[in-house]
Structures are given as C-alpha cells and as structure tokens.
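What follows is a short report on a single structure.
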Amino acid sequence: MNKATSTPLDSFRRHLIIYGALWKNSLVREMGFKVNFILWIFVEMLWFALQLSFFAVIYAHTDSIAGWSKWEVVLLVGASHFVQQLFTAVFLTNVTELSELIRTGKLDFMLLLPVNTRFLVSFRKVDLGGFVNAASALGVMVFACNRLGLTPSPMHIVGFFVLTLASLVIHYTLVLILASTAFWTVRSQGIVWIYYNLFNVARIPDGAFSGFYRVVFTFILPMVLVANVPVKLLLQKLSSPGEMLLLIGLAASWFVISEAVWRYSLRRYTSASS
C-alpha cells in the first residue's frame, strides 16, 4: 500500500502480522532445543517455589507483615511473579540483546527495514517458557484467592489486568532506557540485569517500606507499585483510586521519556562500521 494512503490501522495490522511471524520463528527455535526449554521452565518454577517457601517460614512465626496476612502475601508473590514472567516472555531477551545488535552492526540492517525499529528491537524474540511460568503464577493466585474466600468481580479482574499492563509498560520502558546506554558504552547487559534482580522488591508489601526507600521504589523505580497496586485492587485494600492513577500515570510518563531517549540514542548512533 502506498505510504501516502496508509492509515494507522493499516500500520497496526502490518505490525500485528509481523509479530505473528516472529512468534512462529520463536516457536520453531524453542522446539529445536526442547530440553533447554523444559529445563528453564523447571528452574523458574523451582525459584517461584523457593519464594513461596521463604514467606511460609516467616509466617510460621507471625500472623501479619505490614498488615498483610499469609495468603494475601502469597497472592502478592503470585502477582509479582506473573508480571515478571510476562516481562521475561515478551521483552527481556530483546532488550538485553540491544548492546549486541549495536556491537555487531546488526542494528544497521534493522534500521533499513520498512518497520518501526523500536518495535523490531523490542519484539523480535518471544520466550515461550515465560508464558508457561506466568500461567503457574496465575494458578497460585487463584489458589490464594480461594483460601482467602475472595471472589473478585469481573470489574476487579479487568482492572487487575489493566494495571498489570501498566506495570509491564513501566518495566519495559525503564529497561529499554537502561539498555540504550549501550549506544555509548557498547555493553549494557550488567545494568539491565541489576534492574531485573530488583524485581524481588515487588513481592514485599508496600507497608514494609518507609522514608527514602518508599520514595525511590514508588516514584523512581516503582517496584512497590507494580504488584502491590493490582493485588490491593483485588483485595479491595485501595482507599482511593490515587494509587491506580499513579501507576497508570507513571507508565505513560516513562513511555514518553523512553521514546525521547530512544530517538536521541538513534541520532547519536553512527553504525558499527564508522
């Protein structure tokens, strides 16, 4: 279709078709190494079980942490793992490989393709095991809700997934900004993995933070919000919509900032051959 007559809807459909092709390529790649695929699912599930065991030991000696009961925290840990695994499935491999694309010159080729470069860099690979692990996290959340006698309404469930999407946007944009330092440093994987390890903060009730740490993990690196707010919506612990609006507002703000950083970084890029 002629670019002059192309509409945003046409562009969306074209990118959707491209993403479908990327999914197929990822599936073929994963099935070519089945043992590795199954092994990483097992490792992630083991790590998830260890996180739950950690809180089981704590709650053997107390009934509440910052006003959260045992099964409320299990729900929080499940939600945190759900967000983390969705991020791993869709974005992690792609953003961590940005520095290699720059170092090897493969980004030069991507810039020549008639596709949005940020889209291609961000979505070219899919970690299918992450979706399996995200499903296990949902299973734990359902079990925790059952133990709490909690039956969320359809509106609360939709709200949970909308807030989860906002959480994913926050993680993606912050990691992309960190990965974009590779345009100057060539390698940025270490910085990205430091951020990834901070995901563990999300499984701690927000009431456990105060002062400087609460400000940092709420506004600068909003780890406290990404799982706490969606879960508090399910538990009806939100006294006002302020926290939800803050999460969505931070997601929108960081996306705008990340786009500005990305465009500035591309302008500074001079290709691997120059």
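Enumerate the pairs (first residue in the range 126-145 and within 12 Å of Trp71 (Cβ to Cβ); second residue anywhere and small (Gly, Ala, Ser)) with beta-carbon separation below 8 Å, excluding pairs fewer than 6 apart on the same chain, so at least 6 apart or on different chains.
Cβ pairs passing all conditions: Val140/Gly78; Met141/Gly78; Met141/Ala79; Ala144/Gly78.
Among the residues of the range 233-251, how many are free of Cβ contacts under 8 Å to residues at least 12 places away in the same chain and assigned to a helix (DSSP H, G or I)?
3
Sort out which residues of the range 186-199 are part of a helix (DSSP H, G or I) and in contact (Cβ under 8 Å) with a residue 24 or more places away in the chain, and write them in order of number.
Scanning the range 186-199 gives Gln189, Val192, Trp193, Tyr195, Tyr196, Leu198, Phe199.
Considering only the range 23-42, I want to know if a residue exists there that is at pLDDT below 80, more than 20 Å from the chain's Cα centre (by Cα) and closer than 15 Å to Arg124 by Cβ.
Scanning the range 23-42 turns up at least one residue that is at pLDDT below 80, more than 20 Å from the chain's Cα centre (by Cα) and closer than 15 Å to Arg124 by Cβ.
Step by step: first the residues of the range 246-271, then only those that are crowded, with 18+ Cβ neighbours inside 10 Å and among the hydroxyl-bearing types (Ser, Thr, Tyr), then the one that is farthest from Phe109 (Cα to Cα). Which residue is that?
Ser258
Could you check, for the range 193-214, whether at least one of its residues is farther than 27 Å from Leu50 by Cα, surrounded by fewer than 22 Cβ atoms within 10 Å (Cβ to Cβ) and either out of contact with any strand residue (DSSP E or B) (no Cβ under 6 Å at 6 or more places or on another chain) or among the charged types (D, E, K, R) (or both)?
Checked the range 193-214: at least one residue is farther than 27 Å from Leu50 by Cα, surrounded by fewer than 22 Cβ atoms within 10 Å (Cβ to Cβ) and either out of contact with any strand residue (DSSP E or B) (no Cβ under 6 Å at 6 or more places or on another chain) or among the charged types (D, E, K, R) (or both).
In the range 201-224, which residues are part of a helix (DSSP H, G or I) and in contact with a helix residue (DSSP H, G or I) (Cβ under 8 Å, 6 or more places away or on another chain)?
Across the range 201-224, the qualifying residues are Val201, Ala202, Arg203, Asp206, Arg214, Phe217, Thr218, Phe219, Met223, Val224.
When residues of the range 127-173 are filtered for being outside any helix (DSSP H, G or I) and surrounded by 15 or more Cβ atoms within 10 Å (Cβ to Cβ), how many remain?
Residues of the range 127-173 outside any helix (DSSP H, G or I): 127, 149-153.
Restricting the remaining residues to those that are surrounded by 15 or more Cβ atoms within 10 Å (Cβ to Cβ) gives 127, 150, 152.
Final tally of qualifying residues: 3.
Given the residues Phe87, Phe48, which is the only one that is crowded, with 22+ Cβ neighbours inside 10 Å, modelled with pLDDT of 90 or more, part of a helix (DSSP H, G or I) and of a type in the set (Phe, Trp, Tyr)? Spell out how you get there, then give the answer.
Details: Phe48 fails: crowded, with 22+ Cβ neighbours inside 10 Å.
Step by step, each of Phe87, Phe48 is checked, and only Phe87 is crowded, with 22+ Cβ neighbours inside 10 Å, modelled with pLDDT of 90 or more, part of a helix (DSSP H, G or I) and of a type in the set (Phe, Trp, Tyr).
Mind checking which residues of the range 260-272 are in contact (Cβ under 8 Å) with a residue 24 or more places away in the chain and in a helix (DSSP H, G or I)?
Listed by number, the residues that qualify are Val261, Trp262, Ser265, Leu266, Arg268.
I'd like the full set of residues that are among the β-branched types (Val, Ile, Thr) and loosely packed, with under 13 Cβ neighbours inside 10 Å, limited to the range 51-80.
So the first thing to find is which residues in the range 51-80 are among the β-branched types (Val, Ile, Thr), and the list is 57-58, 62, 65, 73-74, 77.
Selection gives Val57, Ile58, Thr62.
The values are calculated or read from the model by the stated rules, or taken from the named source; none is laboratory data. In this text, all values refer to a predicted model and were calculated from it rather than measured experimentally. Neighbour counts are summed over all protein chains in view; Cβ atoms, including those assigned to glycine, are modelled from backbone coordinates with ideal geometry.
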